[in-house]
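Participant: Shown below is the structure under consideration.
The values are calculated or read from the model by the stated rules, or taken from the named source; none is laboratory data. As the structure is a prediction and not an experimental result, all values here were calculated from the model. So basically every Cβ, Gly included, is an ideal-geometry build from the backbone, and we count neighbours across all protein chains shown.
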Amino acid sequence: MFFHSPDDTSESSLQSGLLAAINSLQSFVERPDLGDVLRQAFGMNADVTAAEKLLRSLAAGELPRVDVVESAVLNGAHGAFVAASNSILISDKLVHDSSSGNAALTAVLLEEIGHFIDARVNSRDAPGDEGEIFARFVQGLQLDPATLQSLRWQNDHATISIGGQALAVEQATLLDGSLTDWTAANRLDNGASGVAGYEAYGRYDPVTGNFEFALRSPVAIGANTTFWLNTDRNLTTGFQVFGFAAGAEYNINVDATGTPLLYTGEAGQTPVTGAPVTFAYSADRTVLEMTVSGAALGGTQALDV
């Protein structure tokens, strides 16, 4: 394996994350349904025989080059795969934050390894975020039809600049049902709007054009939990919530199965077709992270919640 990091702490954390990723791959390649799973991750046109062969090499430790770079280079993303150099870039912030535990780092490494595999076994990039689909399969995480479909709609492409050179990459943002990558600056429910025991977060990613949201609840998040989205930022237009001037053009409503879906009108009224919400819960379902395309919200780059 090849990797470069700027200091001993980063090197130790990265080494641990890489070893954990390799261990996960070693278990994954023994799945009796490996071919079927790879087709789900990389598409029906993928060369599955080549994918299985490459995967076994990766599980043996023959990984692509991995470099640790400043978080700002990745525009805040946790990792990226650069097809032009067949290399993986990992955020220094993620590596340092993983010094006491490498689960998040391992997940990002597996996602970028998935992008690496896709670039080798597909003549064109598989639809959606095939890296995250692959990583979830490797980690044994649940992938119900709604989640799988939402990941196939997700846009993970971006352009970064290193040394003045523009590079096309596929990025990893961490949607894992935790709040480790959210800060006070992303908090939406400060001051008078706060409710004891609850936390709400939001941010816009100008690189992908996606909005990301997170909610923490003191109890398990259930059906009819709703995020109201005022996309024109005008309180007098849109749906008024329970007589309150919310002016919401859209809402994300959790259905009976726990799946967040995008709607217009009142909570869960009119589905927005072709605009799935990518999401992840914490194990106890008290934290929910979601991503929705800005294009699905009328192309806005700012909104009120």
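Participant: Could you list all residues from segment 44-64 that are surrounded by 15 or more Cβ atoms within 10 Å (Cβ to Cβ) and touching a Lys or Arg at 6+ places or on another chain (Cβ under 9 Å)?
Facilitator: 46, 47, 48, 51, 54 - these are the residues of segment 44-64 that are surrounded by 15 or more Cβ atoms within 10 Å (Cβ to Cβ) and touching a Lys or Arg at 6+ places or on another chain (Cβ under 9 Å).
Participant: Now for a different question. For residue 210, work out the one condition from (1) crowded, with 20+ Cβ neighbours inside 10 Å; (2) within 28 Å of residue 71 (Cβ to Cβ); (3) without any contact (Cβ under 8 Å) to a residue 12 or more places away in the chain; (4) of a type outside the set (Phe, Trp, Tyr) it doesn't fulfil.
Facilitator: Residue 210 satisfies all of (1) crowded, with 20+ Cβ neighbours inside 10 Å; (2) within 28 Å of residue 71 (Cβ to Cβ); (3) without any contact (Cβ under 8 Å) to a residue 12 or more places away in the chain; (4) of a type outside the set (Phe, Trp, Tyr) except (3).
Participant: Sticking with this one: Within segment 242-254, which residues are more than 21 Å from the chain's Cα centre (by Cα) and either modelled with pLDDT of 85 or more or buried (at least 16 other Cβ atoms within 10 Å of the Cβ) (or both)?
Facilitator: Within segment 242-254, the first condition is being more than 21 Å from the chain's Cα centre (by Cα), and the residues that meet it are 242-250.
Answer for segment 242-254, where residues must be more than 21 Å from the chain's Cα centre (by Cα) and either modelled with pLDDT of 85 or more or buried (at least 16 other Cβ atoms within 10 Å of the Cβ) (or both): 246, 247, 248, 249, 250.
Participant: Still on this structure: Of everything in segment 65-94, what is closer than 15 Å to residue 11 by Cα and either more than 17 Å from the chain's Cα centre (by Cα) or surrounded by fewer than 20 Cβ atoms within 10 Å (Cβ to Cβ) (or both)? Give them in sequence order.
Facilitator: Within segment 65-94, 65, 66, 67, 68, 69, 70, 92, 93 meet the criteria.
Participant: Ok, one more. Take segment 273-305 and flag every residue that is buried (at least 17 other Cβ atoms within 10 Å of the Cβ) and among the aliphatic types (A, V, I, L, M).
Facilitator: 275, 277, 280, 287, 288, 290, 292, 296, 297, 303, 305
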